[in-house]
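The values are calculated or read from the model by the stated rules, or taken from the named source; none is laboratory data. In this text, all values refer to a predicted model and were calculated from it rather than measured experimentally. When we count neighbours, we look across all protein chains shown, and the Cβ atoms used for this are built from the backbone with ideal geometry, even at glycine.
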Amino acid sequence: MSQPTGVIHDIGYRHYDGPRLGRGGAAVALWVYSLRGTFGLGRTFKSKIMPFLLFGAMMLPAVVSIAIMALLKQAPLSYTDYAVFMQAVIAIFLAAQAPVLVAPDLRHRVIPLYLSRPVTIIDYIGAKLAAMIAALLILMVVPLTLQFVGEMLIDLPMPLHTHEYLAGLAGSLINAVLLASIGLTLASFTPRRGLGVASVIAFYMFTLAASTVLFGVFTSEGHTEAAGWGFMLNPFFLVNAVQVNLFGTPSTSGEPVPGGAGPALVVVAVVLLALAALYARYRKALAA
Amino acid sequence: MNTVVASITYRAMLGRKRVWLLALLPIALIGFALLFRFIGGGDESVAVDLMKIFAIGTVLPLLGLIAGTGVIAPEIEDGTIMHLMSKPISRPVIAFTKFVVAASLMVAFSVIPTYVAAYILIGTESGIASGFALGALFAGIAYAAVFLLLGVVSRHAVTIGVIYALVWEGLIGGYVPGARRFSIQQWAQSIADQVTTSAFLKSEVALSFAVPAMIIVVAGSVVWAGQRLRVLSLTGDE
């Protein structure tokens, strides 16, 4: 006589009966999680140090500028030049934090797990990209806004720089989109965080030095137009040129920039190219 | 010096796609030299500018960063350093071997291209090529040692290294003369200035300061890295 030897016990697992948010909800959740990650929120204290240090460095000129406005009644720092002046800090932030967004998922090969949910590869890349853009926007817009609020509160003997402020905001948006697409694409090629940081910063330092050297040599050789385009190799000067052409603000370098739609077209082309490479990278990561 | 550890490290640094990270920058340096030669800018001031801004100011610290941290930091990051440290090899020997590998990579990917680029531009005129190559050699070794130490000490080695190279040497060094004394780039320029007779290069730091400082930094970094490796604990921060 054989008794049943194994019994399946009801140990109280429950179904989820709540609302299902679907694809959009999952993408937004991923965006919020990634954005928090870029500033180390919800992570250890150690991973908060670097982003907040850089954010603090970004705020410094705005604070000093407010103090100068209040005490000496002088014009504030130019809103349209802020990103160019602080480009090293922005570039380091991009290099340090872009790999944080993409490297762990690649290293631990968990992309297929994301895709077992309603999230598609486009949603995943979109959420990561939107998070990096938002993080860079916070980094650039908060100091500008703080300085603008300061300028409004302090009664300066001159009209408000509203046009410059708005141009600065638009420039920040273009900067954020351009830098985020380049940074994420470069960082996504390696699953190792250190190498990701190195490749993003190598790209920036290369363009920085190359634009300086090319501008110098072309100018001394008399190729003025080529010199202007040589300068455009640095993404920050490229965005500055777009800003100049769109809003008629003076260029940071004081040099004339290539006019017309040229710089803007270059920005669009670089962004599209970077996004295509990013998409191809994740298609490959999925197949592997 | 342990040849097995060295060969594994070389394979990790030069294998597959990894080598492009090291190779692209020197290729760009030589490319610029060819371009300037082609458009007829091959005079002394252009050569000194290209060397100062691009070779010593950008390629050298970046390669130092990639080679110096690259020989050890990725292994610590993904925990495979355990396999190396559980072997009966003294940890200071491991650190020294990694340093030798990083320094040799600097010679191959930075010192030689620096010489080649300067030679393409102006030949051996005023000793610019040999001067900058010698400066790049010493500074490259110093960068390799310092960034190796950073890679052992911190998980954020690359970011800290970038801040040193970009903010301290680039920005602060540009405005504050005192900061230039503690800049490896400036030490490289002192050595280059000693060799070359070109009037376009003015070094800021005396050679009598630069050379001892460099020796202390290299020796101190390698020894400290070895000591740190002895007490390394592997705890993830993510």
Counting only helices (runs of 4 or more DSSP H) entirely within the range B:18-83, those with at least 2 residues that are closer than 19 Å to A:G230 by Cα are B:18-38, B:44-49
Test result for B:I8, out of contact with any helix residue (DSSP H, G or I) (no Cβ under 6 Å at 6 or more places or on another chain), at pLDDT 85 or above, over 15 Å from B:A108 (Cα atoms) and assigned to a helix (DSSP H, G or I): yes
What number of residues within the range A:64-79 satisfy the criterion of being surrounded by 14 or more Cβ atoms within 10 Å (Cβ to Cβ) and closer than 13 Å to A:P143 by Cβ? 6
Closer than 21 Å to B:A219 by Cα, more than 12 Å from chain A (Cβ to nearest Cβ) and free of Cβ contacts under 8 Å to residues at least 24 places away in the same chain: does that describe B:S104? yes
Just one of A:V28, A:V7 is under 28 Å from A:I174 (Cα atoms) and more than 14 Å from every other protein chain (Cβ to nearest Cβ); which is it? A:V28
Top-ranked residue of the range B:154-188 - restricted to ones that are away from chain A (no Cβ under 13 Å) and hydrophobic (A, V, I, L, M, F, W, C), ranked as surrounded by the fewest Cβ atoms within 10 Å (Cβ to Cβ): B:V176
Do you know which residues across the range B:1-17 are in contact (Cβ under 8 Å) with a residue 24 or more places away in the chain and within 13 Å of chain A (Cβ to nearest Cβ)? B:A12, B:M13
Any hit, the range A:62-83, residues being touching a residue at least 40 places away in the same chain (Cβ under 8 Å), within 15 Å of the chain's Cα centre (by Cα) and away from chain B (no Cβ under 13 Å): yes
Could you check the range B:199-217 and list, in sequence order, the residues that are touching a residue at least 60 places away in the same chain (Cβ under 8 Å) and farther than 25 Å from B:I128 by Cβ? B:V217
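Can you go through B:A67, B:A47 and tell me which one is under 27 Å from B:K202 (Cα atoms), surrounded by 22 or more Cβ atoms within 10 Å (Cβ to Cβ) and of a type in the set (A, V, I, L, M, F, W, C)?
Only one candidate qualifies: B:A47.
Listed here are the residues, each with its yes/no results for (1) in a helix (DSSP H, G or I); (2) of a type in the set (D, E, K, R).
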site: A:P19; (1), (2): no, no
site: A:R23; (1), (2): yes, yes
site: A:A29; (1), (2): yes, no
site: A:T44; (1), (2): no, no
site: A:M50; (1), (2): yes, no
site: A:F55; (1), (2): yes, no
site: A:Q74; (1), (2): no, no
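So that you can scan it fast, the table gives a plain yes or no per residue for (1) free of Cβ contacts under 8 Å to residues at least 24 places away in the same chain; (2) at the interface with chain B (Cβ under 9 Å from one of its Cβ atoms); (3) buried (at least 23 other Cβ atoms within 10 Å of the Cβ):
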residue	(1), (2), (3)
A:F189	no, yes, no
A:G196	no, yes, yes
A:F206	yes, yes, no
A:F218	yes, yes, no
A:E221	yes, yes, no
Condition (residue is surrounded by 13 or more Cβ atoms within 10 Å (Cβ to Cβ), touching a residue at least 60 places away in the same chain (Cβ under 8 Å) and more than 14 Å from every other protein chain (Cβ to nearest Cβ)) applied to the range A:38-49: is it met by at least one residue? yes
With criteria (1) surrounded by 21 or more Cβ atoms within 10 Å (Cβ to Cβ); (2) touching a Gly at 6+ places or on another chain (Cβ under 8 Å), A:P235 comes up short on (2)
